[in-house]
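Engineer: Once you've had a glance at the structure underneath, I'll fire off some questions.
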Amino acid sequence: INAEYGSSGINAEYGALFKQFFGLSESCFHSLFVEFTFESECLRHMISKILGYLIILGASAFKIPQILKILSSKTVQGLDFNMYYLEMWVYSLTIVRSYLGAFPFSTWGDSVFIALQDSVILFLMFYYSKSLNSKFWAGSLGYLILMAVCLSGVIPESVFIPLMGFNIPIAIISRVPQIWKNYQNKSVGPLSALTFGLNSSGALARVFTTLQELDEPLLLISYCISCCLNGIITFQILYYGSTSKTSRTKTTTHAVKTAKTGKSLKPVKTTKPVKTTKPLKSTTTKSSTPAKKVHKTK
């Protein structure tokens with residue numbers, strides 16, 4: 001037990017880990033875990049950190065439903081290539097800027113997992129469209145080399161600060177075509193409501209963590225736009241998905257009724273004689289009354 005805090009304190013080793021993991025100052029740590037006074041500023045900081053790590057945990061599976069949906073349907077029809085391609089660059093730029101700026105990992109760790117999952121979706125789009133050629137592999141290698149160079153610090157951090165402004169138009173360009181495509185087709189293809197719903201809620205949570213921990217207005221605006229656009233796509237998936245299910249149900253019910261009616265058609269009553277294929281009864285059948293004997297005469 002840490003002698004400095006007396007009987008109400010906690011183990012010094014675990015206390016140091018807590019302060020490091022959640023980025024707490026000595027005064028905030030003392031307020032939250034020793035005196036239990038829960039000062040508002042320290043409490044908001046603690047909530048922001050917990051929320052940030054929860055976002056990272058959720059981001060590790062953000063796009064898994066979308067990936068599984070593509071694998072099960074074995075098609076990428078209805079998906080907009082530019083949406084995932086541009087989104088991958090948005091998160092890649094966020095990773096470089098945050099890493100070089102020494103931002104807390106809790107404020108940008110989700111970008112790593114989302115960028116990785118976007119690359120998997122892009123691979124599946126090339127695979128199912130039978131476009132895995134040399135250009136694809138050359139582009140992938142070029143992307144990896146560029147990211148390695150940027151993260152190494154060869155390029156000054158000051159270069160990436162104004163580039164963050166491009167995240168805003170890129171975020172808009174990456175989503176608006178998909179929204180318009182869904183509206184035109186009145187269908188969403190293999191898009192996953194869970195994926196875009198989590199993306200929207202994650203961006204909303206990032207607004208809070210950015211306000212609390214960072215002074216990055218461009219990053220804040222980018223998260224706000226991402227939250228709105230992903231929310232629109234989520235609504236489209238739920239709306240057009242339910243509409244298509246209803247139409248399919250009506251079509252199936254009508255087909256079943258038609259099939260049943262065709263099998264159980266009842267003959268229509270009519271006064272006209274109905275032709276039959278059954279053989280007529282012979283007229284030589286014996287009568288129920290005995291016939292009179294006819295005596296032949298010579």
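The values are calculated or read from the model by the stated rules, or taken from the named source; none is laboratory data. Keep in mind it's a predicted model, so treat the numbers as computed, not measured. Don't worry about glycine lacking a Cβ; one is built from the backbone with ideal geometry, like all the others, and counts go over all protein chains shown. SASA here: full protein model, heavy atoms, side chains in, ligands and nucleic acids out. Shrake-Rupley method; radii C 1.70, N 1.55, O 1.52, S 1.80 Å.
Engineer: So, by mean Cβ neighbours within 10 angstrom, what's the order for 118-131, 90-103 with the highest one leading?
Structural biologist: Highest to lowest by the protection proxy: 90-103, 118-131.
Engineer: How long is the gain from residue 34 to residue 228 if the chain were fully straight, where each residue apart is worth 0.36 nm and the alpha carbon distance is subtracted?
Structural biologist: In short, 65.8 nm is gained.
Engineer: Charges on Cβ only, +1 for Lys and Arg, -1 for Asp and Glu, centred on the Cα centroid of segment 30-115; of 103, 83, 52, which one is farthest towards the dipole's positive end?
Structural biologist: 83
Engineer: Which value, in Å² rounded to 10, gives the accessible area of residue 33 with a 1.4 Å probe and all protein chains present?
Structural biologist: In the full protein context, residue 33 sits at about 50 Å².
Engineer: Provide Rg and Dmax in Å for segment 197-237, with only Cα atoms included in the calculation.
Structural biologist: 10.5, 34
Engineer: With 31 Å as the limit, write out which pairs from 49/181; 135/186; 130/181; 135/181; 49/135 have Cα-Cα distances beyond it, or answer none.
Structural biologist: 49/181; 135/186; 49/135
Engineer: Please list 213, 41 in order of solvent-accessible area, largest first, computed with a 1.4 Å probe with all protein chains present.
Structural biologist: Largest accessible area first, the list is 41, 213.
Engineer: Once segment 97-246 is represented by equal point scatterers at the alpha-carbon sites, with solvent omitted, what log10 I(q)/I(0) does the Debye formula produce at q = 0.11, 0.17, 0.21 Å⁻¹?
Structural biologist: -0.54, -1.17, -1.42
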